[in-house]
Amino acid sequence: DAKTTQPPSMDCAEGRAANLPCNHSTISGNEYVYWYRQIHSQGPQYIIHGLKNNETNEMASLIITEDRKSSTLILPHATLRDTAVYYCIVPMEYGNKLVFGAGTILRVKS
Amino acid sequence: KAGVTQTPRYLIKTRGQQVTLSCSPISGHRSVSWYQQTPGQGLQFLFEYFSETQRNKGNFPGRFSGRQFSNSRSEMNVSTLELGDSALYLCASSLGDIFSGNTIYFGEGSWLTVV
């Protein structure tokens, strides 16, 4: 998979926007960027994915730079329940394989 | 719409035994993949099946095997269990290829403890 780089941890105040960066400088033109999160001891939860344009859904927004070498996941109003490990993944291997790195531990604090 | 369902949720086995885990994908999904999560190795890909054919396999010993049935339900088997096989085993399903922008959805996992 295209290598992604994420900060190991971030803190965010409850009610504020959480901006989680991801670097994927080796991404190819037709590869998607996927974001998942995992709350302790649960299965990973899909958040959002995108190719070139910015994307928004009920959970988050995904901002992809024009050169596609980096992206930012935005949780507009973080709550304590958003505390989790967030994974940025660029799949490039055949057979629906997701390669999970260490991700970013987001701690939302009251 | 029901999500990915895994059974059993928790189980305890003895070293040397074998175990079979079951996964029912989201209705209509033809791709099913399996992952192992341990504290030391994190989330690791085991294998993926699409329409009963294994398309990709991770770097695990032959004791780990799987199969997919014609209704897309899948099972994975671990034979000759070792203490190190204690882990959360996750199943995931997808309508199609992620290269085409399809989404992979995960189940809640099966917790296996080997004693």
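Read the figures in this text as sums done on the coordinates, not as results from a lab. This one's a predicted model, so the numbers in the text were calculated from it and none came from an experiment. Reconstructed Cβ throughout: ideal geometry from the backbone, glycine too, with neighbour counts over all protein chains shown.
Give me Rg over Rh for region B:43-107, both radii from the alpha carbons and Rh done the Kirkwood way, two decimal places. Intermediate results must be reported in sequence, preceding the final value.
Values: Rg = 12.6 Å, Rh = 13.0 Å.
Rounded to two decimals, Rg/Rh equals 0.97.
Please work out, to two decimal places, the log10 of the ratio I(q)/I(0) at q = 0.10, 0.12 Å⁻¹ from a Debye calculation in which every Cα of the protein assembly as shown carries one identical scatterer.
-0.46, -0.65
Dipole magnitude of chain A about its Cα centre, charges +1 at Lys/Arg Cβ and -1 at Asp/Glu Cβ only, in debye to the nearest 20?
Numbers: 10 positive and 10 negative charges, 41 e Å.
Computed about the Cα centre, the dipole is about 200 debye.
Based on Cβ point charges of +1 for Lys and Arg and -1 for Asp and Glu, what charge dipole magnitude is obtained for chain B about its Cα centre, in debye rounded to the nearest 20? Working shown, then result.
Details: 10 positive and 7 negative charges, 29 e Å.
Magnitude of the dipole: close to 140 debye.
Indicate, rounded to the nearest 5 percent, the antiparallel portion of the DSSP beta bridges found entirely in the protein assembly as shown. Let's see the in-between values first.
On the way: 65 of 74 bridges.
Just about 90 percent of them are antiparallel.
Residue farthest toward the positive end of the dipole of the protein assembly as shown, with Cβ of Lys/Arg at +1 and Asp/Glu at -1: which of B:PHE99, A:ILE47, B:GLY109?
Result: B:GLY109.
Lys and Arg at +1, Asp and Glu at -1: add these up for the other residues within a Cβ distance under 14 Å of A:ALA13 and post the number.
On the way: positive: A:ARG16, A:ARG107, A:LYS109; negative: A:ASP11, A:GLU14, A:ASP82.
The answer is 0.
Pick from B:ARG67, B:ARG30, B:ARG55 the residue whose mean-square fluctuation is largest in a GNM of chain B, springs joining Cα atoms under 10 Å.
B:ARG55
Take the alpha-carbon positions of chain A, form their convex hull, and give its projected area averaged over all directions (one quarter of the hull surface) in nm². Write out the running numbers ahead of the final one.
Working: hull surface 26.1 nm².
Value for chain A: 6.5 nm².
For region A:27-41, take each phi angle, set θ = phi - 60°, evaluate the Karplus expression 6.51 cos²θ - 1.76 cosθ + 1.60, and give the result in whole Hz per residue in order, putting x for glycine and proline.
5, 8, x, 10, 9, 7, 10, 10, 10, 10, 9, 9, 8, 2, 6
Could you tally the net charge around B:VAL115, taking each other residue with its Cβ under 14 Å from the Cβ of B:VAL115, Lys/Arg +1 and Asp/Glu -1?
Working: positive: B:LYS13, B:ARG15; negative: B:GLU82, B:ASP85.
Around B:VAL115, the charge tally is 0.
Kindly flag which residue pairs out of A:LYS69/A:LYS97; A:LYS3/B:LYS57; A:LYS3/A:LYS52; A:LYS69/B:LYS57; A:LYS69/A:LYS109 have an alpha-carbon separation exceeding 24 Å in this structure.
On the way: A:LYS69/A:LYS97 21 Å; A:LYS3/B:LYS57 19 Å; A:LYS3/A:LYS52 18 Å; A:LYS69/B:LYS57 28 Å; A:LYS69/A:LYS109 30 Å.
Pairs exceeding the cut-off: A:LYS69/B:LYS57; A:LYS69/A:LYS109.
Could you work out the relative contact order of chain B? I mean the mean sequence separation of Cα pairs under 8 Å and 6+ apart, divided by the number of residues, in percent. If you can, show how the numbers build up before the last one.
Numbers: 295 pairs, mean separation 40.9, N = 115.
So the answer I get is 36 percent.
Using bins 5 angstrom wide from zero, how does P(r) for region A:1-62 break down, in % of all Cα pairs?
4, 13, 21, 28, 22, 9, 3, 0
Calculate the radius of gyration of the Cα atoms of chain B to one decimal place, then report Dmax, the largest Cα-Cα distance, as a whole number, both in Å.
Cα radius of gyration and Dmax of chain B are 13.5, 42 Å respectively.
Only bridges whose two residues both fall in chain A count here: according to DSSP, what percent of them are antiparallel, nearest 5? Show your work: numbers first, answer last.
Details: 27 of 32 bridges.
The answer is about 85 percent antiparallel.
Relative contact order of region A:1-99, please, whole-number percent, based on alpha carbon pairs below 8 angstrom and at least 6 residues apart.
RCO, region A:1-99: 35 percent.
For chain A, give me every cysteine whose Cβ has no other Cys Cβ within less than 4.7 Å, ordered by residue number.
Cys with no partner Cβ under 4.7 Å: A:CYS12.
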